[in-house]
Amino acid sequence: MIRLHGQKFWLYGAVDPYTNEILHVSLYPTANKQTTRWFLAERHRRYQLTDVEFLVDDADYLGSVLAEGGYRFQSFDMEIGMPSNVSFEK
């Protein structure tokens with residue numbers, strides 16, 4: 001969660017894990033299944049997300065949305081730092 005001008009936003013990001021290049025960042029006023037679907041739709045239009053594996057944090061809704069969409073994913077726990085909610089591997 002990020003505060004900007006007194007408002008809360010959730011950061012969704014796509015990162016290439018091999019180069020650490022930030023591919024896309026979006027801020028949403030809430031973090032839930034629908035915002036995750038919007039983020040994935042944006043990414044799919046740009047990158048054609050076939051043969052990718054998503055790395056997701058422990059937010060309950062992420063795995064279920066990815067599974068509904070037929071995407072491969074791995075969950076992880078982040079003890080230190082703030083991971084992006086969604087990243088993908090080529």
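Among the residues of region 59-79, which ones are in contact with an Asp or Glu (Cβ under 9 Å, 6 or more places away or on another chain) and surrounded by 15 or more Cβ atoms within 10 Å (Cβ to Cβ)? Outline the logic, then answer.
Let us first name the residues in region 59-79 that are in contact with an Asp or Glu (Cβ under 9 Å, 6 or more places away or on another chain), namely 71-78.
Scanning region 59-79 gives 71, 73.
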Practice item. Could you grab the pairs with beta carbons closer than 9 Å, sequence gap of 6+ or different chains, first residue in region 9-32 and free of Cβ contacts under 8 Å to residues at least 60 places away in the same chain and farther than 19 Å from residue 49 by Cβ, second one part of a strand (DSSP E or B) and β-branched (Val, Ile, Thr)? Key: 9/2; 27/2
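Would you point out the residue of region 1-47, among those that are assigned to a loop (DSSP other than H, G, I, E, B) and more than 15 Å from the chain's Cα centre (by Cα), that is modelled with the lowest pLDDT? Can you show your working first?
Of the residues in region 1-47, the ones assigned to a loop (DSSP other than H, G, I, E, B) are 1, 5-6, 16-21, 29-32.
If we keep only those that are more than 15 Å from the chain's Cα centre (by Cα) too, we end up with 5-6, 18-19.
Numbers: 5: 90, 6: 91, 18: 84, 19: 89.
Once the filter is applied, the top-ranked residue is 18.
Which residues, taken from region 55-70, are of a type in the set (A, V, I, L, M, F, W, C) and in a helix (DSSP H, G or I)?
Going through region 55-70, the residues of a type in the set (A, V, I, L, M, F, W, C) turn out to be 55-56, 59, 62, 65-67.
Across region 55-70, the qualifying residues are 62, 65, 66, 67.
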Study note, to complete from the structure: Only one of (1) crowded, with 16+ Cβ neighbours inside 10 Å; (2) touching a helix residue (DSSP H, G or I) at 6+ places or on another chain (Cβ under 8 Å); (3) at pLDDT 85 or above does not apply to residue 56, and that is (3)
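The values are calculated or read from the model by the stated rules, or taken from the named source; none is laboratory data. In this text, all values refer to a predicted model and were calculated from it rather than measured experimentally. Glycine gets a Cβ as well: all are built from the backbone with ideal geometry, and neighbour counts include every protein chain shown.
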